[in-house]
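The values are calculated or read from the model by the stated rules, or taken from the named source; none is laboratory data. Owing to the predicted nature of the structure, the values given are computational and were not obtained by experimental measurement. A quick note on method: Cβ atoms are made from the backbone with ideal geometry, for glycine too, and the neighbour counts reach across all protein chains shown. Note: areas computed on protein heavy atoms with side chains; ligands, DNA, RNA excluded. Shrake-Rupley method; radii C 1.70, N 1.55, O 1.52, S 1.80 Å.
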Amino acid sequence: MDLRFLDFKIMGDERGSLAALEEYRNIPFNIKRVYYMFNTVPNVRRGCHAHKELNQVLVCVKGSCRILMDDGKEKKEVLIGSPAQGLFVGKMIWHEMYDFSPDCVLLVLASDYYDETDYIRSYGKFTEYLNNWGMIH
Ligand code: T46
């Protein structure tokens, strides 16, 4: 599994730093939703699901956290902690977020509106869906 990191240009001057995220420029999809998580309680695991169709980019705009990425064949763990970099989490990647620093603000850009029916929240269903996925796509 190739992890795809997106590098954002940081525009800065004596006042501080600024990064701009734009659909089809530095974000490889139509941005329909933006959400962010913060005040995450220590030692919790978030995510623990895959999406059937949704593509997302995760940006730690403050602090850091770890992400487990699993395509059903291979698992990779990454530490993200830079507002200048996004991690692309494509459809049908099982992902889990953990080890949130107390100040972590995790921003997510999503290619579609919130839709609970797009979630696969059981690992067994994920592998089952993956086995049939080749026939669907
Ligand atoms: C993902 C990872 C990276 C909404 O009502 N609208 C929304 O846009 C979202 C994202 C969530 N919700 C509700 C659904 C739940 O009642 O907020 C509650 C918490 O959501 P969830 O438990 O799915 O949160 P995480 O942190 O486990 O996962 C989230 C996203 O849901 C998910 O798509 O890929 O972050």
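A quick yes/no check of all residues on (1) near the ligand (Cβ under 9 Å from one of its atoms); (2) out of contact with any Cys (no Cβ under 8 Å at 6 or more places or on another chain); (3) of a type in the set (Asp, Glu); (4) under 20 Å from ARG4 (Cα atoms):
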{"position": "ASN43", "(1), (2), (3), (4)": "no, yes, no, no"}
{"position": "ARG46", "(1), (2), (3), (4)": "yes, yes, no, no"}
{"position": "HIS49", "(1), (2), (3), (4)": "yes, yes, no, yes"}
{"position": "ASP103", "(1), (2), (3), (4)": "no, yes, yes, no"}
{"position": "TYR113", "(1), (2), (3), (4)": "yes, yes, no, no"}
{"position": "TYR129", "(1), (2), (3), (4)": "no, yes, no, no"}
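When GLU53 is tested against (1) out of contact with any helix residue (DSSP H, G or I) (no Cβ under 8 Å at 6 or more places or on another chain); (2) open to solvent by 80 Å² or more (accessible area, probe 1.4 Å), just one condition goes unmet, and that condition is (1). In segment 16-50, the qualifying residues are those that are open to solvent by 50 Å² or more (accessible area, probe 1.4 Å) and in a strand (DSSP E or B), and the one that is farthest from ASN131 (Cα to Cα) is SER17.
Here is a yes/no grid of residues against (1) crowded, with 16+ Cβ neighbours inside 10 Å; (2) among the small types (Gly, Ala, Ser):
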residue: LYS75; (1), (2): no, no
residue: VAL89; (1), (2): yes, no
residue: CYS104; (1), (2): yes, no
residue: ALA110; (1), (2): yes, yes
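Taking the conditions exactly as written (at negative phi, part of a loop (DSSP other than H, G, I, E, B), in contact with a Gly (Cβ under 6 Å, 6 or more places away or on another chain) and not small (Gly, Ala, Ser)), does ASP103 satisfy them or not? For ASP103, the condition - at negative phi, part of a loop (DSSP other than H, G, I, E, B), in contact with a Gly (Cβ under 6 Å, 6 or more places away or on another chain) and not small (Gly, Ala, Ser) - is met.
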